[in-house]
1. Condition test on residue 84, is it within 12 Å of ligand 1 (Cβ to nearest atom) and of a type outside the set (Ser, Thr, Tyr)?
2. Sort out which residues of region 70-111 are within 17 Å of the chain's Cα centre (by Cα), in a loop (DSSP other than H, G, I, E, B) and without any contact (Cβ under 8 Å) to a residue 40 or more places away in the chain, and write them in order of number.
3. Just to verify a result, which residue in region 77-120, among those that are farther than 28 Å from residue 145 by Cα and among the acidic types (Asp, Glu), is nearest to ligand 2 (Cβ to nearest atom)?
4. Select, from 128, 110, the only residue that is within 11 Å of ligand 1 (Cβ to nearest atom), at pLDDT 95 or above and farther than 18 Å from residue 63 by Cα.
5. Any idea which residue in region 113-125 is surrounded by the most Cβ atoms within 10 Å (Cβ to Cβ), counting only those that are more than 8 Å from ligand 1 (Cβ to nearest atom) and more than 28 Å from residue 2 (Cβ to Cβ)?
6. Quick check on this structure: which one of 31, 53 is farther than 16 Å from residue 123 by Cβ, touching a helix residue (DSSP H, G or I) at 6+ places or on another chain (Cβ under 6 Å) and without any contact (Cβ under 8 Å) to a residue 12 or more places away in the chain?
7. Does residue 62 satisfy being more than 15 Å from ligand 1 (Cβ to nearest atom) and part of a helix (DSSP H, G or I)?
Amino acid sequence: MNQAVLILIKPDGLKKSLTGNILTRLSETKLEIVAAKMVRVSRQLAEEHYKHLKDKPFFEDLIKYIQGELHDRRKVMALIYWGKDAIRKCRELAGATNPEEAEATTIRGSYGRITTSGVYENVIHVSSNEAEAEREIKLWFNPDEIIVDLYPQKEIVEKEYKRKAWT
Ligand code: DAT
Ligand code: MG
């Protein structure tokens, strides 16, 4: 069954120059990339993305981490992979949430670490199931940034919509 999955290359992955390595590893899945962009993560986006962890003691560190405050890299790379069993394939390659428990050959096992203050710097995010993937993709992307029609959409006309244009 074809699925979409949100992948984030987190600020530690970018700072460690791992983008190429991670994309090469993910290409083993033979899935299709249907969207990709660099994102400066607002506090609001970070909190919404991780809202299921709001009550955890590490929530505040997690928000700082995904916003890039721990790595002086205020950006993440967001991608959508699409194809057969996309979630399982990408999560297998990513490895366990705790990078010390992740198998050595996985992306998190190869490149992740736990800091002395207990932050799991695990390099990438991968949606955990179809419902989460849909919620996350709708949070991170607009329909016109994705080259296939993943979910039902509508056309709206926005009046007095302010946007930047080239001078
Ligand atoms: P995953 O990213 O594997 O889907 P998750 O959704 O449960 O895992 O958690 C989101 C992130 O929160 C995870 O990538 C790292 C962090 N995290 C989870 N459990 C943690 C813990 N016990 N201590 C520190 N950070 C944790
Ligand atoms: Mg998760």
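1. So residue 84 fails the test.
2. Scanning region 70-111 gives 95, 96, 97, 98, 99, 106.
3. The extreme case among them is 101.
4. Matching residue, one of 128, 110: 128.
5. 121
6. Details: 31 fails: without any contact (Cβ under 8 Å) to a residue 12 or more places away in the chain.
Exactly one residue qualifies, and that residue is 53.
7. On the way: more than 15 Å from ligand 1 (Cβ to nearest atom): no; part of a helix (DSSP H, G or I): yes.
Here the answer is no, as residue 62 does not meet what is asked.
The values are calculated or read from the model by the stated rules, or taken from the named source; none is laboratory data. No experiment lies behind these values; they were computed from the predicted model shown. Backbone-built Cβ (ideal geometry, glycine too); neighbour counts: all protein chains shown.
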